[in-house]
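Trainee: This is the structure I have questions about; it appears just below.
The values are calculated or read from the model by the stated rules, or taken from the named source; none is laboratory data. Computed from a prediction, not measured in an experiment: that's the story for all the values here. A quick note on method: Cβ atoms are made from the backbone with ideal geometry, for glycine too, and the neighbour counts reach across all protein chains shown.
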Amino acid sequence: MSIWEREAENWVRWARTPDFDAYWRYRDAFFDEVVPAPGKRTVDIGCGEGRVTRDLAARGHHVIGVDLSPTLAGAARAAVPGDPYLVADAAALPFPNASFDLAVGYNSIQNALELDATIRESSRVLLPDGRLCICMTHPMADAGHFESLEPDAVFILDTPYLERRWLDETEERDGLTMRFAGPAYPLQDYARALQEAGFMIELIREPAMIRPEKPQDARWERIPMFLFLRAVKKDGLISR
């Protein structure tokens with residue numbers, strides 16, 4: 001059983017509490033600056049309980065959500081009956097080649113146990129010149145921590161950034177608890193996987209904290225919490 005299936009009920013409560021986590025601050029910048037205008041079909045890879053899928057649909061995308069967790073896919077389906085959600089591994093998507101012109105992975109591809117296979121599958125299901133849009137916790141942020149909550153706190157790199165690592169942290173806040181566990185990859189691993197799958201990176205953004213609300217938020221105006229990336233599939237670039 002995956003960590004996301006074990007934590008599914010916790011995640012539903014966490015993700016559906018308005019303005020609770022960073023998604024509510026960063027999502028508009030991602031959708032406005034990174035995600036192209038709606039095309040024919042969009043796939044939301046690692047859709048979880050469906051909030052990204054719902055936001056994409058609200059922006060005019062014809063979208064299918066896919067998640068490895070049956071409980072999360074079921075919660076997404078229950079939120080908007082009739083919307084298509086499938087249970088599947090991101091490294092083995094249940095779609096024919098060239099089925100979509102856009103794939104989105106919002107804080108999901110970073111959790112892939114098989115990063116290379118997941119990126120290859122994203123490429124396989126995209127049409128030529130299709131786009132893959134990714135939001136991830138910034139790889140540098142995953143390799144360290146601030147020494148305190150003070151606005152000018154020093155950021156300390158205390159794990160080997162260039163190595164693949166395993167993260168396992170439990171957060172408790174305002175009566176909600178969520179365990180986050182999964183791999184952490186350096187940026188070059190994403191770039192290599194994209195290159196080998198025939199993608200060309202066309203946009204990278206490192207957004208500073210959006211709508212800072214508390215003094216400690218100023219820390220994330222100096223160090224990016226997230227990284228946004230958009231890549232375009234070019235068939236002639238696929239490595240053999």
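Trainee: Is there a residue being in contact (Cβ under 8 Å) with a residue 60 or more places away in the chain, polar (S, T, N, Q) and touching a Leu at 6+ places or on another chain (Cβ under 7 Å) anywhere in the stretch 97-117?
Mentor: No, because not a single residue in the stretch 97-117 is in contact (Cβ under 8 Å) with a residue 60 or more places away in the chain, polar (S, T, N, Q) and touching a Leu at 6+ places or on another chain (Cβ under 7 Å).
Trainee: Also, quick follow-up: Determine if the stretch 32-41 includes at least one residue that is within 20 Å of ARG179 (Cβ to Cβ), small (Gly, Ala, Ser), out of contact with any strand residue (DSSP E or B) (no Cβ under 8 Å at 6 or more places or on another chain) and modelled with pLDDT of 95 or more. Give the steps one after another, and end with the answer.
Mentor: To start, the set of residues in the stretch 32-41 that are within 20 Å of ARG179 (Cβ to Cβ) comprises none.
No, because not a single residue in the stretch 32-41 is within 20 Å of ARG179 (Cβ to Cβ), small (Gly, Ala, Ser), out of contact with any strand residue (DSSP E or B) (no Cβ under 8 Å at 6 or more places or on another chain) and modelled with pLDDT of 95 or more.
Trainee: Would you pick out the residues in the stretch 87-120 that are under 19 Å from the mean Cα position of the chain (by Cα), more than 17 Å from ARG131 (Cα to Cα) and in a loop (DSSP other than H, G, I, E, B)?
Mentor: Those that are under 19 Å from the mean Cα position of the chain (by Cα), more than 17 Å from ARG131 (Cα to Cα) and in a loop (DSSP other than H, G, I, E, B): ALA88, ASP89, ALA91, ALA92, ALA112, LEU113, GLU114.
Trainee: Now a separate question. Only one residue in GLY39, GLY105 is out of contact with any Cys (no Cβ under 6 Å at 6 or more places or on another chain), surrounded by fewer than 18 Cβ atoms within 10 Å (Cβ to Cβ) and within 19 Å of LEU126 (Cα to Cα), so which one is that?
Mentor: The unique qualifying residue is GLY39.
Trainee: Mind checking which residues of the stretch 44-73 are surrounded by 16 or more Cβ atoms within 10 Å (Cβ to Cβ), over 16 Å from LEU126 (Cβ atoms) and free of Cβ contacts under 8 Å to residues at least 60 places away in the same chain?
Mentor: GLU49, GLY50, ARG51, VAL52, THR53, ARG54, ASP55, ALA57, GLY65, ALA73 - these are the residues of the stretch 44-73 that are surrounded by 16 or more Cβ atoms within 10 Å (Cβ to Cβ), over 16 Å from LEU126 (Cβ atoms) and free of Cβ contacts under 8 Å to residues at least 60 places away in the same chain.
Trainee: Do we find a residue being surrounded by 12 or more Cβ atoms within 10 Å (Cβ to Cβ), in a helix (DSSP H, G or I) and either hydrophobic (A, V, I, L, M, F, W, C) or under 20 Å from the mean Cα position of the chain (by Cα) (or both) anywhere in the stretch 148-171?
Mentor: no
Trainee: Name every residue in the stretch 218-230 that is part of a helix (DSSP H, G or I), among the charged types (D, E, K, R) and surrounded by 17 or more Cβ atoms within 10 Å (Cβ to Cβ), in order of residue number.
Mentor: As a first pass, look at the stretch 218-230 and keep what is part of a helix (DSSP H, G or I): 218-221.
Adding the requirement that they be among the charged types (D, E, K, R) leaves 219, 221.
Across the stretch 218-230, the qualifying residue is only ARG219.
Trainee: Moving on. Which residues, taken from the stretch 129-147, are within 24 Å of PHE199 (Cα to Cα) and not in a strand (DSSP E or B)?
Mentor: Matches in the stretch 129-147: HIS138, PRO139, MET140.
Trainee: Turning to a different aspect of this structure: Among the candidates VAL80, VAL63, single out the residue that is within 26 Å of ALA22 (Cβ to Cβ), at pLDDT below 95 and out of contact with any Gly (no Cβ under 6 Å at 6 or more places or on another chain).
Mentor: Unique residue meeting the criteria: VAL80.
Trainee: Okay, moving on. Within the stretch 63-86, count every residue that is part of a loop (DSSP other than H, G, I, E, B) and out of contact with any helix residue (DSSP H, G or I) (no Cβ under 9 Å at 6 or more places or on another chain).
Mentor: Final tally of qualifying residues: 2.
Trainee: Something else about it: Which numbered condition trips up PHE20, out of (1) buried (at least 17 other Cβ atoms within 10 Å of the Cβ); (2) in contact (Cβ under 8 Å) with a residue 40 or more places away in the chain; (3) not in a helix (DSSP H, G or I)?
Mentor: Going through the list (1) buried (at least 17 other Cβ atoms within 10 Å of the Cβ); (2) in contact (Cβ under 8 Å) with a residue 40 or more places away in the chain; (3) not in a helix (DSSP H, G or I), PHE20 breaks only (1).
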